[in-house]
Amino acid sequence: MKPWDGLYSEQDLGALLGAVAFAAVKHQDQRRKGHRRLPYINHPVRVAEILWSVGGVRDMTTLVAALLHDTLEDTETTPAEIELHFGSEVLAVVQEVTDDKSLPKAVRKQHQVERAAYASPRAKIIKLADKIRNVSDLVNEPPADWPKPRIVAYVDWSELVVAGLRGVNPRLEAMYDDVVRAAHIVLAASNVCHR
Ligand code: ZN
């Protein structure tokens, strides 16, 4: 897709709506971890929306990849499907933000910390928006089976990842900082989730 010149083509808007529909179908049987078990699709839609409204992102490849960012990792979606419907450029970004699930979780988490700084700018801002949403959801909608130390550990880990993502989008970085600041206050004050 060409860089944004102030106008979107029919093809761009078709890809955007196609990505919403594709992700909705792929995530249709999944729920977020929070205690309300909200539909999973809320998450990638909100990640893409943050990129648009807070990050000022107008690059269609980034927005489409944001909508698809968890399909490879968390659904049966294949790289070939994404390439077929959205092209190799979108696929490359989605692959960049996908963890290798054949690795143990601790290794995957360490890889995210170590590799964040080397990600492409598109992947960096999607990861940043993803962490914003995940931290916000974990604090405001804690999963029933997550004791508070696990939430604290997630927030701490996300800060290590985000350290490597900085320098690409100051507005998203500021939003992340606000979300983490609020998270620390809520977590320090709350005695829910103690196990
Ligand atoms: Zn995500």
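Read the figures in this text as sums done on the coordinates, not as results from a lab. This one's a predicted model, so the numbers in the text were calculated from it and none came from an experiment. Here the Cβ is made from the backbone with ideal geometry for all residues, glycine too, and neighbour counts use every protein chain on show.
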Cα point-scatterer Debye curve for the stretch 85-127, base-10 log of I(q)/I(0) at q = 0.22, 0.26, 0.27, 0.34 Å⁻¹ = -0.75, -0.93, -0.97, -1.18
key: Tilt relative to the chain, helix 79-96 - C-alpha long axis, 0 to 90 degrees, to 10   = 50 degrees
ask   = Given H placed on each backbone N at 1.01 Å, which residues far from residue 31 in sequence or on other chains put an amide H within less than 5 Å of it?
value = 40
message = Can you tally the lysine pairs in the stretch 10-189 where the Cα-Cα distance is under 15 Å and the two residues are eight or more apart, or on different chains?
response = 5
Within the stretch 14-39: backbone nitrogen closer than 18 Å to the residue 85 label point (7 Å, Cα to C-beta) = 14-31
query = Highest GNM mean-square fluctuation, the chain, Cα pairs closer than 10 Å: which of 33, 127, 105?
reply = 105
query = In degrees, nearest 10, range 0 to 90: what is the angle between the Cα axis of helix 121-140 and the longest Cα principal axis of the chain?
reply = 40 degrees
key: Electrostatic dipole magnitude of the chain [Cβ: Lys, Arg +1; Asp, Glu -1; Cα centre; debye, to 20]   = 760 debye
query = Which angle from 0 to 90°, rounded to the nearest 10, does the C-alpha axis of helix 148-163 make with the longest principal axis of the chain?
reply = 40 degrees
key: Largest-first principal axis extents of the Cα set of the chain (Å)   = 51, 35, 29
